[in-house]
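The values are calculated or read from the model by the stated rules, or taken from the named source; none is laboratory data. All figures in this text were calculated on a predicted structure; none of them were measured in a lab. For neighbour counting, all protein chains shown are included, and Cβ atoms are generated from backbone atoms with ideal geometry for every residue, glycine included.
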Amino acid sequence: MRIHYLEIVATDVDATCSAYAAANNLQFGEPQADLGNARTATAQQGHIVGVRAPMHEAEEPVVRPYWLVDDIESAVDSAVAAGGELAHPPLEIPGRGKFAIYILGGVHHGLWQL
């Protein structure tokens with residue numbers, strides 16, 4: 001298993017990016033519109049860290065790992081069969097792959113297929 005994208009939704013994006021940059025030697029770029037205006041950095045291991053603000057009033061801060069999978073539809077079906085609640089069905093982001101989100105055990109989980 002490998003994390004492809006680590007999404008951090010925070011109320012203070014700049015402070016969060018500064019803390020992660022200092023602790024992990026990361027360099028965050030400008031907001032990426034296709035990732036909800038997340039500022040992103042690529043870690044030495046190759047995964048992407050994205051920090052963004054909540055996209056609507058009801059969205060709470062969260063840290064959500066997106067696990068890299070070979071077949072996102074199958075992975076979603078397995079997660080739902082295990083009791084997960086589908087929060088976002090598979091969606092393609094042109095040039096980035098497909099992602100999905102489910103909630104299980106009160107925790108947000110992400111899946112990503114390249």
Across the stretch 16-41, the tally of residues that are assigned to a loop (DSSP other than H, G, I, E, B) and out of contact with any helix residue (DSSP H, G or I) (no Cβ under 8 Å at 6 or more places or on another chain) stands at 5
**Message:** Criterion first (modelled with pLDDT of 95 or more, touching a helix residue (DSSP H, G or I) at 6+ places or on another chain (Cβ under 7 Å) and not β-branched (V, I, T)) does Y66 satisfy it?
**Reply:** no
Exactly one of Y102, Y66 is part of a strand (DSSP E or B) and within 26 Å of A21 (Cα to Cα), and that one is Y66
Of the listed residues (L111, L91), the one being part of a strand (DSSP E or B) and surrounded by fewer than 17 Cβ atoms within 10 Å (Cβ to Cβ) is L91
query = For the stretch 13-31, does any single residue satisfy the condition of being outside the structural domain of Q113 (by TED's automatic domain parsing), buried (at least 18 other Cβ atoms within 10 Å of the Cβ) and under 15 Å from Q113 (Cβ atoms)?
reply = no
Filter the stretch 42-63 for residues that are touching a helix residue (DSSP H, G or I) at 6+ places or on another chain (Cβ under 7 Å), assigned to a strand (DSSP E or B) and of a type in the set (A, V, I, L, M, F, W, C); the one that is surrounded by the fewest Cβ atoms within 10 Å (Cβ to Cβ) is V49
Item to complete: For the stretch 71-80, state whether one or more residues are of a type outside the set (D, E), outside any helix (DSSP H, G or I) and within 15 Å of the chain's Cα centre (by Cα).
Response: no
